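Read through the structure below, which is laid out as structure tokens, and then see the notes.
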Amino acid sequence: MDDRRPDPTQDTWSQWLPDLESPDATTSAPPSAPMTPPPVPLPPPAGRVDPLPYATTPIAEWVGPRSGQAPPPPTRLGWAILCTIFCFTPFGIVAIIKSTQVNPKWAIGDWEGARAASRSVKTWCLAAAAAWPGSFMLFSCLGIANGGHVSIHL
């Protein structure tokens, strides 16, 4: 059996430190024998990964998507920005916030949450585009009803 891992019960890395607990620790005598560095553990052979000694099964959040899984859903950040600038701004801001949640959810393994966030970006962008003509007409009618100008009295 070729065991290349260092023994955790052996303390070989701190042999060069002086002994501070002995009564003659105040005198620092040079070591009589030259110190050799401890052997460096070799990496495992290619294609083989040693299991971690403290984990028996991988944690699902750390595994990532399976090899046959589809790519991450689109973030639609560009559409959200355009809806914020040219359409109804409050709905566009919500769309931007939802679009920034897609990639982090995908990265931690919440694939359904990432897909739901991507769908909600699309919904908020469509709502912003639909609300824009209505809000434009509402503010135009308010301007006409007020005599063509809007004044704010403080």
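Values in this text are rule-based calculations from the coordinates and carry no lab data. Remember, it's a predicted structure, so these values are computed and weren't measured experimentally. Glycine gets a Cβ as well: all are built from the backbone with ideal geometry, and neighbour counts include every protein chain shown.
Quick look at the numbers
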read-out: All positions within the range 104-124 that are of a type in the set (S, T, N, Q) and either in contact with an Asp or Glu (Cβ under 6 Å, 6 or more places away or on another chain) or surrounded by 15 or more Cβ atoms within 10 Å (Cβ to Cβ) (or both); value: Ser118, Ser120
read-out: Residues located in the range 69-82, provided they are assigned to a helix (DSSP H, G or I), under 15 Å from Ser118 (Cβ atoms) and not small (Gly, Ala, Ser); value: Leu77, Trp79
read-out: Positions within the range 100-116 being aliphatic (A, V, I, L, M) and over 14 Å from the mean Cα position of the chain (by Cα), in sequence order; value: Ala116
